[in-house]
Every structure is written in C-alpha cells, then in structure tokens.
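Trainee: Got a structure here, written out as structure tokens. Questions coming.
The values are calculated or read from the model by the stated rules, or taken from the named source; none is laboratory data. All values derive from a computational prediction rather than experimental measurement. Here the Cβ positions follow ideal geometry from the backbone for every residue, glycine too, while neighbour counts run over all protein chains shown. Just so you know, the surface numbers come from the protein's heavy atoms only, side chains and all, with ligands and any DNA or RNA stripped out. Shrake-Rupley method; radii C 1.70, N 1.55, O 1.52, S 1.80 Å.
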Amino acid sequence: FIDNVDIEWCYRAASVGYGCYGAVSARMLHSLGDRLMAVPFTRRRLLIHSPLRIYFITRNRLLLYRMPHVPRNWKLADLPRMLLKIVAFGLLVAPRRRYLSAALAGIIDGLRGLGGAARKPF
C-alpha cells in the first residue's frame, strides 16, 4: 500500500467494525522514497519522492478528505502536513517546476474526485 491507500483501507475497515493490525515481525524489501535531503537551517531531513509520487500523495490525500469514513481529526491533522510537503518540495527540491506541476495536478484531480492512473507524466 502506498500514497495513503493503506490509510483509507484501514479507516474503511474500521467504519464497518473491523480492526487493522500490523505484523511487526514481518519483513519486506521496501523503499519509502528515493533519497533523504537535509533541510537547510534545521536538523530535519526531507524524504524525497519523484514528482509522480507527489502527484499521487497529494491527490490521494484530497480523495481521503472527501470520504465520510475517514475521521475528521485525521483530516485536520493531515492538511498542514500536505501543504508543508508541497511548499517544501516547491522550494527545496529540483526540478521545482515539475514538483509544483505534479502537486497542482494532484490538487485539481483530488478536488474533482478523480482516481486511477495519473492524467499525464511528470
């Protein structure tokens, strides 16, 4: 599960009475992002994804915000994270224009309720 699909699945299951559990001893080869980048003037690091992943992360978050089974508190806590990620990638990660274009397309598609494959490559 990537780009918030796992979050939606767990909230959907919870909305009909099921629990969501993790198998902490399970192991899987997996990469969260492409690389880590130091954030200037802080001790923080930013997990870098491709512009296409930024599109899906942004779009899928907005699709989650529209779903009645996703808790309001999660939506309110996640919105600043989404905005911060868009700003950080737009200011700090090259190619900035591609990242902003991907995020904007994700916003538009998410607000329009469009899922599935990306409309265009980034």
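Trainee: For segment 20-33, does any single residue satisfy the condition of being free of Cβ contacts under 8 Å to residues at least 12 places away in the same chain, charged (D, E, K, R), surrounded by fewer than 16 Cβ atoms within 10 Å (Cβ to Cβ) and not in a helix (DSSP H, G or I)? Don't jump to the end; show me each part of the working.
Mentor: Here is the first cut: in segment 20-33, the ones free of Cβ contacts under 8 Å to residues at least 12 places away in the same chain are 20-31.
The next check asks that each one be charged (D, E, K, R); those that pass are 27.
Imposing the further condition that a residue be surrounded by fewer than 16 Cβ atoms within 10 Å (Cβ to Cβ) reduces the set to 27.
Then drop every residue that is not not in a helix (DSSP H, G or I), which leaves 27.
The answer is yes, given that some residue of segment 20-33 is free of Cβ contacts under 8 Å to residues at least 12 places away in the same chain, charged (D, E, K, R), surrounded by fewer than 16 Cβ atoms within 10 Å (Cβ to Cβ) and not in a helix (DSSP H, G or I).
Trainee: Another question, if that's okay. Would you say residue 16 is on the phi < 0 side of the Ramachandran plot and modelled with pLDDT of 95 or more?
Mentor: Numbers: on the phi < 0 side of the Ramachandran plot: yes; modelled with pLDDT of 95 or more: yes.
In short, yes.
Trainee: Somewhere in segment 90-101, is a residue without any contact (Cβ under 8 Å) to a residue 12 or more places away in the chain, surrounded by fewer than 17 Cβ atoms within 10 Å (Cβ to Cβ) and in a strand (DSSP E or B)? It would help to see each step written out before you state the result.
Mentor: First, the residues of segment 90-101 that are without any contact (Cβ under 8 Å) to a residue 12 or more places away in the chain: 91, 94, 96-97.
Filter once more, keeping what is surrounded by fewer than 17 Cβ atoms within 10 Å (Cβ to Cβ): 91, 94, 96-97.
Still in the list and also in a strand (DSSP E or B): none.
Looking through segment 90-101, none of the residues is without any contact (Cβ under 8 Å) to a residue 12 or more places away in the chain, surrounded by fewer than 17 Cβ atoms within 10 Å (Cβ to Cβ) and in a strand (DSSP E or B).
Trainee: Taking the conditions exactly as written (modelled with pLDDT of 95 or more and open to solvent by 90 Å² or more (accessible area, probe 1.4 Å)), does residue 45 satisfy them or not? First the steps, then the outcome.
Mentor: Details: modelled with pLDDT of 95 or more: no; open to solvent by 90 Å² or more (accessible area, probe 1.4 Å): yes.
Judged against the criteria, residue 45 is not a match.
Trainee: Here's a follow-up. Go through (1) free of Cβ contacts under 8 Å to residues at least 12 places away in the same chain; (2) part of a loop (DSSP other than H, G, I, E, B) one by one and return the number of the condition residue 10 breaks.
Mentor: (2)
Trainee: Within segment 53-74, can you find the residues that are part of a helix (DSSP H, G or I), touching a helix residue (DSSP H, G or I) at 6+ places or on another chain (Cβ under 8 Å) and either crowded, with 16+ Cβ neighbours inside 10 Å or at positive phi (or both)? Steps first, please.
Mentor: In the first step, residues of segment 53-74 are kept if they are part of a helix (DSSP H, G or I); the result is 53-65, 72-74.
Those still in the list that are touching a helix residue (DSSP H, G or I) at 6+ places or on another chain (Cβ under 8 Å) too: 54-65, 74.
Correct list: 54, 55, 56, 57, 58, 59, 60, 61, 62, 63, 64, 65.
Trainee: Is it true that residue 120 is over 27 Å from residue 18 (Cα atoms) and within 15 Å of the chain's Cα centre (by Cα)? Steps first, answer last, please.
Mentor: Values: over 27 Å from residue 18 (Cα atoms): yes; within 15 Å of the chain's Cα centre (by Cα): no.
Spelling it out, it is not the case that residue 120 is over 27 Å from residue 18 (Cα atoms) and within 15 Å of the chain's Cα centre (by Cα).
Trainee: Here is a follow-up. Just one of (1) surrounded by fewer than 17 Cβ atoms within 10 Å (Cβ to Cβ); (2) closer than 17 Å to residue 5 by Cα; (3) at pLDDT 95 or above trips up residue 109, so point out which.
Mentor: (1)
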